[in-house]
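The values are calculated or read from the model by the stated rules, or taken from the named source; none is laboratory data. Here the structure is a predicted model, which is why all the values come from computation and not from measurement. In this analysis, Cβ positions are derived from the backbone assuming ideal geometry, glycine residues included, and neighbour counts consider all displayed protein chains. Calculation scope for accessible area: heavy atoms of the full protein, side chains included, ligands and nucleic acids excluded. Shrake-Rupley method; radii C 1.70, N 1.55, O 1.52, S 1.80 Å.
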Amino acid sequence: MGRNTRRRPTGPRRATFAAVALILGGGGLLAANVYASATEGGLGSEPARQTDGDGNAWGRTPGAATIDCPDVGDRLTAVPDQVRPDVDKELALLDQQIAEAYQRLQESAQAIQQDSGFAESAITNPLKEKRAATIERIVIALDRVGDRPQGLEALAACGLRASDDQTGDQDGSGEDQDGQDQQEGDGQDQQQGDGQDQGNQQAGNGPVAADFVDITTVQPNVQNPRDRTDASKGTFATSCGVNAGGLFNSDNVIVAPGVTNGAHHFHDYVGNQDNQAFATDDDLANADTSCEDEGDKSSYYWPVLRLQNGTREKDADAPGGGTEGNAGEIVTPQEVTLTFTGNPRSKVVAMPRLLRIITGDAKAFVNGNANANASWSCTGYEDRQLKDKYPVCPKGSDVVRSFKFQSCWDGQNIDSANHRTHVAFTDAEGNCAGGFRAIPQLVQRIVYDVDAPSLQDGGRTTPLFAVDSFPEQLHKPVTDHGDFINVFDEDLMRDMVDCINDGRKCGADAEPGSGAGDEPQETATPTPDPDASAGAGDEGDAGDDSDSGGQQTSKPSSGTSDTEPADGGPSKGAHSVRPKADTTPSAEIAEATASPDDSDDRGAREGGNGPSASAPATGGKTPAAAAETQPQAVNGGLADTGARMWPAAVGGMLLIAGCVLLRRVRRPSV
């Protein structure tokens, strides 16, 4: 028989084969995992970035970008009265153009993904052309009556600003907390009112979990200047109700007079009952008032607060409402207090009749914080004020939204072209600079009985809340603002000034806890409840609305009927509705209705009209606190990270083992 001469593999050769197999297998697992992570947006991947024609970065989807245009109106500090109506209408048209461009941006997700140049050619370039023509009409109007303004033409160009770092990309995975599909797809359905999913009701443009912070993690940050001997220490309270009768519209009689839907968002109104775009000074003077003292016909208004719970309000298909991304149940305040205070350095003089004041900036998300003056807090925690976050309040504590209005007046004008330069804030010591005079300071405090939202699931269990905003401002809390028109009877205004200068407490006989007319009383700080803090750790001519220009004079049908008086009329008095906590400010907190930046270097503010841009964004919140409030993302949690990483880990171990084995096999024996 023939002899089989094929040699069997020796031990070293078998070891070599095994080492090669380990190397190939481990390398394959590692490569496959890396490829999957890159193509599926997994751990460590970054959202694709693109830029518009001006080099502005923006996200890969409309949900990750917003329209960013220079504010022309803020640059117009002097507009002659004879052309102001024309200029105001053109400024309102600029805002309408931005709103329309933002809507096209949202609707163009697929086209932008397929063509990186689509946004520039179809959105920003056409917007620039429209703005250039509108700005040119403003320049021509001003040129007819005075000096031709310089530099306005350069404000025509807009960009797309990346906002995915602030609209839900919580974990660096490039995916939103609630999922991009829900924000861009389902949000459109909810804008039309089907309202079945409680997350991100605002048609895909906010709010998101990252807009909220646990108030208990914020450090006390309110400081106030000390009173001097000649300070005016009195207070005067006026009681005008909580808008339980439901007077809303999306007009803005200060910024966009004569323009329907000039605000592009809905306002709550108390006091004067003739607040609409076409109201004249005589109309305001002869209107009814919701205030207890009929000598106060002043107009007090602010953007409504909404719950993102899918409720279909009457404005669901109206300009300023659902068609512009403002959706959900309008919340009636539990309490509204309006208090006029003095000056820590001097006596005050009377406000001129029909003086107009706007505090805060409705466009602060894209404009920056120069004029931002939002103050968000919780009852029992009002020594901690937030500027760019909504508060998550512990159990037993209510959301507080407050404003301190400008308290220095130029002594001549009741308004200015940009609605800011005729009034100013005091400096850090409480002085009015530049010849301005101290006037009574309106302190507006609004309390809401809303539950702490469930941040882990994007508000599906307990809905998020947000103020109405211009659509491109993404419902950010920093855009909050308040408006005031002084229509006090002149005798009542004199009484107010005398009361404040004499150091007395006058006006409405407020109940304890209203913050007006009573000495502050001590109240215990509510004990934080972890369960209640779950997850924490203006303007264009849009045409007439079918409902009289968007104005609603009756209460929306849902969500707030239990806050209405029996007769359905305007509520009288600063009363509490369904109280659930003692809202009396403590002695330490009594002055905390100030902006968080009241003690900052306000003398350096642009025009002296807003909080310092260098102030901490969240009013003193530490980086550690910010990290604690970041919700665990759907993609990127610990379990998900392990699921994504184990193939790579196994592959790496096999690769190393193969290399070690191969090296040992090839090592020469001694």
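Quick notes on this one:
- Of all residues in region 229-243, those that are part of a strand (DSSP E or B) have Cβ atoms under 6 Å from Cβ atoms of residues that are among the acidic types (Asp, Glu) and open to solvent by less than 10 Å² (accessible area, probe 1.4 Å), 6 or more apart or on another chain, in THR238/ASP296.
- Among the residues of region 323-378, those identified as of a type in the set (S, T, N, Q) and in contact with a strand residue (DSSP E or B) (Cβ under 8 Å, 6 or more places away or on another chain) are ASN326, GLN334, THR337, THR339, THR341, ASN343, SER346, THR359, ASN371, ASN373, SER375, SER377.
- Selection from region 389-426 of residues that are closer than 21 Å to GLN473 by Cα and surrounded by fewer than 23 Cβ atoms within 10 Å (Cβ to Cβ): ASN418, HIS419
- Residue count for region 366-380 under the criterion of being open to solvent by 10 Å² or more (accessible area, probe 1.4 Å), at negative phi and out of contact with any Gly (no Cβ under 6 Å at 6 or more places or on another chain): the result is 3.
- Here THR124 meets the list (1) touching a strand residue (DSSP E or B) at 6+ places or on another chain (Cβ under 8 Å); (2) not in a helix (DSSP H, G or I) almost entirely, failing just condition (2).
- Segments classed as strands (runs of 3 or more DSSP E), wholly inside region 305-382, with at least 1 members that are of a type in the set (Lys, Arg): 305-307, 356-360
- Considered as a group, the residues in region 429-457 that are more than 30 Å from ILE330 (Cα to Cα) and touching a Lys or Arg at 6+ places or on another chain (Cβ under 6 Å) include one that is least open to solvent (accessible area, probe 1.4 Å), and that residue is GLY430.
- Selection within region 309-327 - closer than 26 Å to PHE403 by Cα and touching a helix residue (DSSP H, G or I) at 6+ places or on another chain (Cβ under 9 Å): GLU324, GLY325, ASN326, ALA327
- The residues listed here are ALA524, ALA516; of these, the one that is in a loop (DSSP other than H, G, I, E, B), at pLDDT below 50, aliphatic (A, V, I, L, M) and farther than 30 Å from ALA438 by Cα is ALA524.
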